[in-house]
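Report on the following structure.
The values are calculated or read from the model by the stated rules, or taken from the named source; none is laboratory data. Please read all numbers here as calculations on a predicted model, not as lab measurements. We place every Cβ from the backbone using ideal geometry, glycine too, and count neighbours over all the protein chains shown.
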Amino acid sequence: MQLTSGLHFAFVERGLIREQVPGGRVWRTHYPASPQTPGEDFAIVARLLDSKTGQFTMVVGGTASWGTEAASELITNPAYLEQGLHNAPLDWQKNNIELVLQTTITDSTTGPPQVEATYFW
C-alpha cells in the first residue's frame, strides 16, 4: 500500500482502491459467497519512471489474489495490453501510466482483465 500511496489510484486498505482526488472513484473487492457465486476483484498496474536512474518500475498487484492474477495477465498478454492502452496518448512510451483493472471471479477462477480507469502523466 505504501508504494502506491502517492499515486493517482492507490491501495488505501485491504480490498480497496481509491482515486486520490476529491470525489474520486472507489473500487472494492466483492468476495464470492460460495464457489458458485461470482465475485469481483480489482488491481493496479503502474509503470513509473525513476527520475534518478531513467528506468521504469512496474507495480502489479490486486486487492486480492484474483486481481493480481488478472494484472499479470494484462502485462504478459499482448492482446490484453493493447486493449488496456487503447486510450493512451501518442507519446505514452515516455510517460508514467496507471491502470485500474477489474476481473470477475467464477468458480474460484479469475476472468480476463477489464480496464476500469487509466491515468497518464
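No other residue among THR57, THR76, THR53, THR29 is surrounded by fewer than 17 Cβ atoms within 10 Å (Cβ to Cβ) and under 27 Å from ASP107 (Cα atoms) apart from THR76. Can ALA43 be described as buried (at least 16 other Cβ atoms within 10 Å of the Cβ) and within 17 Å of PHE120 (Cα to Cα)? Against the criterion (buried (at least 16 other Cβ atoms within 10 Å of the Cβ) and within 17 Å of PHE120 (Cα to Cα)), ALA43 qualifies. Filter region 83-102 down to the residues that are more than 21 Å from LEU49 (Cβ to Cβ) and exposed (fewer than 10 other Cβ atoms within 10 Å of the Cβ) and list them by number. HIS86, the sole residue that qualifies. Quick one: how many residues across region 6-20 are closer than 13 Å to GLU98 by Cβ, of a type in the set (Gly, Ala, Ser) and modelled with pLDDT under 95? The qualifying residues number 1.
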